[in-house]
Amino acid sequence: ERIVFLSGVDRPEDGLQFEIRNTVTLAEAGPRRTELTLEVEVLSATDAARPNITGAEMGWTQSLDRLVSYVHGYASLSSNV
């Protein structure tokens, strides 16, 4: 139902650039439907890391779009078996 994980960038030359807590919650939304909620909390960040954090929404959107394509492709394969 819920996955919580930390992500970030730690460079040997600069140290910890940022650390983010990601919480993914899955809930039934009807027959064969699941609602996914994503919460992202920045725990720490350097000024230099701010542009990377700003792009996180676009990165998550692209990743979730690919997940939807994968799941739809898998569902159509399994319904043909």
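Each row is one residue, and each column tells you yes or no for (1) in contact with a helix residue (DSSP H, G or I) (Cβ under 6 Å, 6 or more places away or on another chain); (2) open to solvent by less than 70 Å² (accessible area, probe 1.4 Å); (3) modelled with pLDDT of 90 or more.
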| residue | (1), (2), (3) |
| --- | --- |
| ARG2 | no, no, yes |
| ALA27 | no, yes, yes |
| GLU35 | no, no, yes |
| GLU39 | no, no, yes |
| LEU43 | no, no, yes |
| ASN80 | no, no, no |
Review point. Considering only residues of segment 49-78 that are surrounded by 11 or more Cβ atoms within 10 Å (Cβ to Cβ) and over 27 Å from ARG32 (Cα atoms), which is modelled with the highest pLDDT?
Key: ALA49
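The values are calculated or read from the model by the stated rules, or taken from the named source; none is laboratory data. It should be emphasised that the depicted structure is a prediction, and the values quoted were computed from it without experimental measurement. Neighbour counts are summed over all protein chains in view; Cβ atoms, including those assigned to glycine, are modelled from backbone coordinates with ideal geometry. SASA here: full protein model, heavy atoms, side chains in, ligands and nucleic acids out. Shrake-Rupley method; radii C 1.70, N 1.55, O 1.52, S 1.80 Å.
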